[in-house]
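The values are calculated or read from the model by the stated rules, or taken from the named source; none is laboratory data. Treat the numbers as computed from the prediction; the structure is a model and nothing was measured. Note that each Cβ is placed from the backbone with ideal geometry, even for glycine, and that neighbours are counted across all protein chains shown. Heads up: the accessible areas ignore ligands, DNA and RNA and are worked out on the full protein's heavy atoms, side chains in. Shrake-Rupley method; radii C 1.70, N 1.55, O 1.52, S 1.80 Å.
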Amino acid sequence: MSLRNQPDFERTLADYFRNRLEECGRELEPLPQEDTLWYMGSMLARFGDSDELFTYDQGQLGIRPLALLYKDAHEAASDWERCQILRQLGDLALFLGGLFPDNYARRGIRQDYFIGMGGGAYDYLADNARDNRHVFSELAAMFGRLLELVARACAKEHPYDAHDVLELYQRWRRSGDPRLARELGRLGIVLPEAEGRH
């Protein structure tokens with residue numbers, strides 16, 4: 001869906017996310033293309049609507065697992081349908097992997113799963129989609145770094161209180177997640193190099 005055809009609230013939300021992505025993305029080298037930031041902002045706004053995120057499957061509301069979306073794409077009747085499913089897979093991997101990595105890590109699903117699934121989906125789209133191939137190419141090539149960008153752009157903006165810092169530190173100690181280590185570093189907390197998961 002083009003930004004022009006989105007409802008006003010969603011368009012405003014897409015602008016907000018694009019601005020946040022642009023602000024937080026200044027640290028990335030190379031900086032993502034403007035088209036890619038627009039695509040990501042629109043995707044984040046789209047998933048702000050629960051109807052875009054959740055689906056009914058066997059009478060239950062939930063998020064279709066990425067592996068089942070991959071299976072759906074493999075079994076698609078046409079290339080157009082395959083591209084639509086793979087776009088949903090890539091977008092979901094970027095959204096879920098960027099915003100909810102801890103929820104999935106507790107279930108044994110690590111960041112490399114999201115990178116493999118999302119990066120692979122976007123890589124296929126870079127060669128086969130009708131539109132935005134340059135965007136999909138960049139999303140595939142920078143997927144891991146763009147996961148972190150989504151996480152930073154969507155993080156709460158107010159300062160952490162002591163409880164938040166302690167909780168963040170404990171999550172880093174359990175997981176060894178480099179994203180959490182960088183967030184702690186931005187808060188001025190120096191982590192011992194030898195320390196990792198416990």
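So here's what we get for this one:
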{"quantity": "Average Cα contact separation per residue, the chain, under 8 Å, 6 or more apart, as relative contact order %", "calculated": "17"}
{"quantity": "Chain lengthening between TRP80 and ASP102 when straightened (0.36 nm per residue, less Cα-Cα)", "calculated": "4.6 nm"}
{"quantity": "Within region 16-155: Cβ-based charge dipole about Cα centre, in debye rounded to nearest 20 (Lys, Arg +1; Asp, Glu -1)", "calculated": "340"}
{"quantity": "For ARG64, residues with placed amide H under 5 Å, excluding near neighbours", "calculated": "THR55"}
{"quantity": "Top of LEU21, LEU31, LEU89 by mean-square fluctuation, Gaussian network on the chain, Cα under 10 Å", "calculated": "LEU31"}
{"quantity": "LEU187 paired with ASN128, simple spin-label distance in nm, labels 7 Å along Cα-to-beta-carbon", "calculated": "4.3"}
{"quantity": "Sequence of VAL150, VAL165 when ordered by accessible area, the most exposed leading, probe 1.4 angstrom", "calculated": "VAL165, VAL150"}
{"quantity": "Candidates per GluC sites (Glu not before Pro) in region 78-167, loop by DSSP, up to 11 other Cβ within 10 Å", "calculated": "GLU157"}
{"quantity": "Karplus-derived 3J(HN,Hα), 6.51/-1.76/1.60, for each residue of region 39-53, Hz, glycine and proline x", "calculated": "4, 5, x, 5, 4, 4, 5, 4, 6, x, 8, 4, 5, 7, 8"}
{"quantity": "Trypsin sites (Lys or Arg not before Pro) lying in DSSP loop within region 75-176, provided at most 12 other Cβ fall within 10 Å", "calculated": "ARG106, ARG107, ARG130, LYS156"}
{"quantity": "Hull volume in cubic angstrom per residue (convex hull over the Cα atoms of region 16-155)", "calculated": "109"}
